[in-house]
Amino acid sequence: MRPASVSLDLDNLWAYLKTHGDPAWESRPSFLATAVPRLLDVFGEHRLTTTVFVVGADAERDDGAQAVHDVVAAGHEVANHSWGHEPWLHRYSRSELEAELVRAEDAIVAAGAPRPVGFRGPGYSVTPALLEILAARGYRYDASTLPTWIGPLARAYHNRTAARGAAEDLFGGFGKVLAPNTPFRWHGTGLVELPVTTMPLLRVPIHGAYLLQLHQISPRLARGYFRAALRLCLLTGTTPSLLLHPTDVLSGAEAPGMEFFPGMAVPGAEKAALLGWVLSVLREHFDVVGTGAHVDRLPGLLRERRTELCG
């Protein structure tokens with residue numbers, strides 16, 4: 001059976017509020033103590049080993065360190081999701097990028113996980129300099145690309161709902177539709193890129209927040225949409241890499257201040273049930289693993305791409 005992967009970006013409440021320009025982020029509110037056990041329960045119920053991309057600033061705090069401990073104890077891979085979860089790494093200097101990676105690595109290791117070999121930029125932010133630094137530091141793969149055309153639409157929604165002073169250049173341009181939807185190797189670095197899979201041919205996202213937005217309209221529509229995406233993956237030979245977030249199992253009351261985020265009107269138990277259904281359907285067609293194990297299962301000869309596509 002062909003591989004597919006599931007990964008979780010362990011973005012915390014403060015990180016969402018910071019990106020949205022809400023000053024309440026400065027008190028570093030957290031929902032990890034609620035979200036992590038619920039997610040691990042769903043993964044355990046489906047006997048899945050996944051990859052969790054951890055934010056270094058959270059790994060330095062007690063609830064984040066406990067989350068890392070629990071994730072490792074359950075057998076999941078821990079990867080690097082930056083230290084400060086700022087979705088504008090494309091603005092960083094080379095020295096700032098390296099410092100960001102190193103500080104996150106140190107925090108993750110101090111919390112009890114092995115040194116990470118996988119990275120995902122917050123907000124799918126990636127640059128040629130970042131890829132070069134990852135390769136030099138011994139990373140095996142990056143998972144920061146989302147090959148879709150909806151970036152400008154997501155940016156327009158963000159800018160319309162966010163406070164003044166929030167980041168206004170997020171999510172990339174229409175050119176992302178030209179990015180590969182299947183794994184490849186970045187030219188000159190040896191680094192494997194494992195894109196967050198979008199629906200083949202249509203290039204629309206299929207991960208949690210988008211399914212939940214459809215679920216709010218019609219649960220039947222959300223399930224039909226996901227089944228259609230899997231059928232297209234099978235027809236095109238795409239081995240999907242599915243992205244999750246803590247908000248995929250949290251209600252609006254459990255994430256105060258996030259009313260702007262898609263799907264927050266859906267109760268947490270209903271979200272967890274939808275996630276369980278998604279994982280069970282995915283397992284009907286694919287051998288589901290974490291992103292690191294997915295990379296291990298790829299052919300030795302991957303097509304190379306030049307880094308002009310990122311940024």
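The values are calculated or read from the model by the stated rules, or taken from the named source; none is laboratory data. Owing to the predicted nature of the structure, the values given are computational and were not obtained by experimental measurement. Cβ: placed from backbone, ideal geometry, glycine included. Neighbour counts: every protein chain shown. The protein model used for the area step is the full one, side chains on, heavy atoms only, and it has no ligands, DNA or RNA in it. Shrake-Rupley method; radii C 1.70, N 1.55, O 1.52, S 1.80 Å.
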Fill in: Sequence-separation-based contact order of the chain, relative, with Cα cut under 8 Å and 6+ spacing, percent
24 percent
Practice prompt. Apply the Debye scattering formula to the chain, with a single equal point scatterer on each alpha-carbon and no solvent, then give log10 I(q)/I(0) at q = 0.12 Å⁻¹.
Written response: -0.75
Discussion item. Looking at the chain as a GNM with Cα springs under 10 Å, which of Gly300, Gly257, Gly84 has the largest mean-square fluctuation?
Written reply: Gly300
Discussion item. As an exercise, take the mean of 1/r over every pair of distinct alpha carbons in segment 30-123, invert it, and state the Kirkwood radius in angstroms.
Written reply: 13.4 Å
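Percent of accessible area on segment 71-129 owned by carbon and sulfur, 1.4 Å probe?
Numbers: 1230 of 2160 Å².
That share works out to 57 percent.
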Item to complete: Can you tell me the dipole magnitude for segment 245-293 around its Cα centre, using point charges on the Cβ only (Lys, Arg +1; Asp, Glu -1), in Debye to the nearest 20?
Response: 40 debye
Practice prompt. Quick one: which residues, 5+ away or cross-chain, put their amide H under 5 Å from the amide H of Ser241? H built at 1.01 Å from N.
Written response: Ser5, Thr197
Fill in: Calculated diffusion of segment 238-311, Stokes-Einstein form, Kirkwood radius summed over Cα pairs, 4 °C and 1.567 mPa s, µm²/s
85 µm²/s
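Once you have the Cα-Cα distance between Glu304 and Asp63, take 0.36 nm times their residue separation minus that, and quote the gain in nm to one decimal. Kindly include the intermediate steps, with their values, before the conclusion.
Values: separation 241, 0.36 × 241 = 86.76 nm, distance 4.00 nm.
Gain in length upon complete extension: 82.8 nm.
Rounded if a/c is under 1.5, else prolate if a/b is larger than b/c, else oblate: which is segment 2-52, with a ≥ b ≥ c the root eigenvalues of its Cα gyration tensor? Show your work: numbers first, answer last.
Numbers: a/c = 5.08, a/b = 2.14, b/c = 2.38.
Note, shape of segment 2-52 comes out oblate.
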Worksheet item: With r defined as the distance between the Cβ atoms of Ala228 and Glu45 and R0 fixed at 30 Å, what FRET efficiency is calculated, to the nearest 0.05?
Response: 0.75
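Which value, in debye to the nearest 20, describes the size of the charge dipole of the chain about its Cα centre when Lys and Arg Cβ atoms bear +1, Asp and Glu Cβ atoms bear -1, and nothing else is charged?
Here the chain has a charge dipole of around 1140 debye.
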Worksheet item: Spin-label point model (7 Å from Cα, Cβ direction): what's the Phe260 to Ser27 distance in nm?
Response: 1.8 nm
Worksheet entry | Candidates Arg297, Arg140, Arg203: whichever shows maximal mean-square fluctuation once the chain is modelled as a Gaussian network with Cα springs under 10 Å | Arg297
Item to complete: Have a look at Leu298, Val54, His76 and report the one farthest towards the positive end of the charge dipole of the chain, computed about the Cα centre with Cβ charges (Lys/Arg +1, Asp/Glu -1).
Response: Leu298
Discussion item. Connecting C-alpha atoms closer than 10 Å in a GNM of the chain, tell me which of Thr182, Thr34, Thr247 has the biggest fluctuation.
Written reply: Thr34
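Would you mind getting the accessible area per residue of segment 1-56, heavy atoms of the protein chains only, 1.4 Å probe, in Å²? Intermediate values should be presented prior to the final figure.
Values: 1980 Å² over 56 residues.
Here the residues of segment 1-56 average 35 Å² of exposed surface.
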